[in-house]
Amino acid sequence: MKPRVKVWVVFGDDVKLGDGRARLLELVDELGSLRRALARVGMSYRHGWGYFRDLERASGIRFLEPAGGGPRGGLRLSREGREFLARYRRFRSGLDEVAARHFRRSFPPRRRR
């Protein structure tokens, strides 16, 4: 038995970034392609591109930038996107630690009979 906490950073009224979208950003950076990252998580290109356009507009952060090599050169995380993602991961890790501590106090291990 263990706790699981879901958390989102919400921009504006309804654009949010949580663990799934953070992982998607990491995949874009790893694979060098939004299309391949979206395919890996099973999201349509239209939906994914729209989400990132809305995220950048609502947050004021440019998360993705061309990786070079012309229009088919792929995408990568921008410096600002990489910094935001690192801060999100630190924030998330801190929440997990607090939740685990509180969970252990609330649900101490049961003794077997």
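Using the Cα centre of the chain as origin and beta-carbon charges of +1 (Lys, Arg) and -1 (Asp, Glu), tell me which of PHE84, VAL7, LEU38 is placed farthest towards the positive end of the dipole. After comparing all options, I get VAL7. The gain in end-to-end length when the TRP8 to ALA86 segment is fully stretched comes to 26.6 nm, 0.36 nm per residue minus the alpha carbon separation. With the largest listed first and rounded to whole Å, the semi-axes of the equivalent ellipsoid of the chain from the Cα gyration tensor are 34, 15, 13. Note on the chain: helix-only mean residue ellipticity at 222 nm, from DSSP H runs of 4+ residues weighted -39500 (n - 2.57) and normalised by residue number, equals -19000 deg cm²/dmol. Taking the Cα centre of each part, how many Å lie between the range 65-104 and the range 1-38? Here the answer is 8 Å between Cα centres. Solvent-accessible surface of the range 1-49, averaged per residue with a 1.4 angstrom probe and all protein chains in place: 70 square angstrom. For the range 1-30, the residues whose amide N sits under 20 Å from a probe point set 7 Å from the Cα of PHE107 along the beta carbon direction are 1-7. Built from the Cα atoms of the range 49-100, the convex hull projects on average onto 4.6 nm², one quarter of its surface area.
Axis angle, to the nearest 10 degrees, between helix 79-106 and the longest C-alpha principal axis of the chain: 10 degrees.
Computed about the Cα centre, the dipole magnitude for the chain is approximately 1000 debye when only Lys and Arg (+1) and Asp and Glu (-1) carry charge, each at its Cβ. As a fraction of the 1.4 Å probe accessible area of the chain, surface on carbon and sulfur atoms comes out at 50 percent.
For the chain, the longest principal axis of the alpha carbon atoms and the long axis of helix 45-59 meet at an angle near 80°.
Computed over neighbours whose Cβ is under 12 Å from that of ALA100, the net charge equals +3, Lys and Arg +1, Asp and Glu -1.
Taking chymotrypsin sites (Phe, Trp or Tyr not before Pro) across the range 1-73, the ones in a DSSP loop with at most 16 further Cβ atoms lying within 10 angstrom of their Cβ are TRP8.
How far, in degrees from 0 to 90, does helix 19-31 lean away from the longest principal axis of the Cα atoms of the chain, to the nearest 10? Approximately 40 degrees, to the nearest ten.
The values are calculated or read from the model by the stated rules, or taken from the named source; none is laboratory data. Just so it is clear, the structure is predicted and the values come from calculations on it, not from any experiment. For neighbour counting, all protein chains shown are included, and Cβ atoms are generated from backbone atoms with ideal geometry for every residue, glycine included. For the accessible areas, the whole protein counts, side chains as well, though only heavy atoms, and no ligand, DNA or RNA atoms are used. Shrake-Rupley method; radii C 1.70, N 1.55, O 1.52, S 1.80 Å.
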